[in-house]
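The values are calculated or read from the model by the stated rules, or taken from the named source; none is laboratory data. Worth saying up front: this structure is predicted, and the values here are computed from it rather than measured. Cβ: placed from backbone, ideal geometry, glycine included. Neighbour counts: every protein chain shown.
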Amino acid sequence: MPIAALVLGGVSFLFMIGGFFLTAVPIAGSILSFGAPLLSLTGIVLAGMSMSQAKQTGESNGMAVAGLVMNIVAFLLSLAVALTCGLCNACLTSAEMNRDATGQAAAPLGDSLGNQFAASMNRISVSMKLSAIKMGCSTDPSGAQAMQGFHPSVAGQYQAVACQVNDAFIEAVGRGCDEGQHPCSSASVLAGTPDASRATNLGLDPSKCYAYTSGTAKVIGCNNEQTQQFQLIHLENPAAAM
């Protein structure tokens, strides 16, 4: 039993990591996120039973104690992931299951709590893309090297403005205005907005695209299911972040 407890603790950690990185993948993310705390909880029970058995027989309980500690740590961390990434994925999974036979959403997803949470979660991806753009411009002011973060079909039209990306805009995209600090940006799902056509014209699902607006500055990024990459599809007035 102590070995089983250790194994369950290790598997729980793997499930937790998988749930975190697969937040945007329906079903799979939910299974991993919610499965992790269940596995670690089972490991805690087994470790406790092993410690009790060792006490009765006079055997060493070192492995059981290690299993207990590992599973307690795994449970606390995986519970946090389940209550954040897991709930977000559950909402995304529900939205996917509610799609009609034509493949279109049965209802607008712009007001979906799950999608709004996904928009906030993807701030990190957009900030990383913008940081890479700024770094590329530092070595090539023409902006040519900065185009790798864009969808290839629109990269050319944003080369002239890419090098206007500055630290203030990167900071704004990474911070929601509900935090009460500036610069900041509002995050929204592209589906149901006037910008939705920017995604559909590229064959992308607007419900998996997110817009970040700070003053007159705006950037839009999408999860491209075909390439399995997060790509920018629009950049507007990056130097005007507020």
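Worth pointing out:
- Filter result for Ala80 (closer than 15 Å to Val7 by Cβ, aliphatic (A, V, I, L, M) and assigned to a helix (DSSP H, G or I)): no
- Residues of region 183-200 satisfying the condition of being more than 19 Å from Ala118 (Cα to Cα) and modelled with pLDDT under 95: Pro183, Pro194
- Number of positions in region 116-143 that are assigned to a helix (DSSP H, G or I) and buried (at least 21 other Cβ atoms within 10 Å of the Cβ): 7
- Phe230 being in the same structural domain as Asp140 (by TED's automatic domain parsing) and out of contact with any Pro (no Cβ under 8 Å at 6 or more places or on another chain): yes
- Failed item in (1) within 30 Å of Glu225 (Cα to Cα); (2) surrounded by 23 or more Cβ atoms within 10 Å (Cβ to Cβ), with Gly9 passing the rest: (1)
- Matching residues, region 212-223, being touching an Asp or Glu at 6+ places or on another chain (Cβ under 9 Å) and touching a residue at least 40 places away in the same chain (Cβ under 8 Å): Ala217, Val219, Cys222, Asn223
- The set of residues from region 144-165 being over 23 Å from the mean Cα position of the chain (by Cα), surrounded by fewer than 17 Cβ atoms within 10 Å (Cβ to Cβ) and part of a loop (DSSP other than H, G, I, E, B) comprises Ala144, Ser153.
- Looking at Ala144, Ala82, Ala119, just one residue is outside the structural domain of Gly221 (by TED's automatic domain parsing), modelled with pLDDT of 80 or more and among the aliphatic types (A, V, I, L, M), and that residue is Ala82.
- Scanning region 13-71 for residues that are hydroxyl-bearing (Ser, Thr, Tyr), surrounded by fewer than 19 Cβ atoms within 10 Å (Cβ to Cβ) and outside any helix (DSSP H, G or I) yields a count of 1.
- Any hit, region 17-24, residues being at pLDDT 85 or above and closer than 23 Å to Gln229 by Cα: yes
- Subset of region 186-210 that is outside any loop (DSSP other than H, G, I, E, B) and free of Cβ contacts under 8 Å to residues at least 60 places away in the same chain - its residue that is nearest to the chain's Cα centre (by Cα): Cys209
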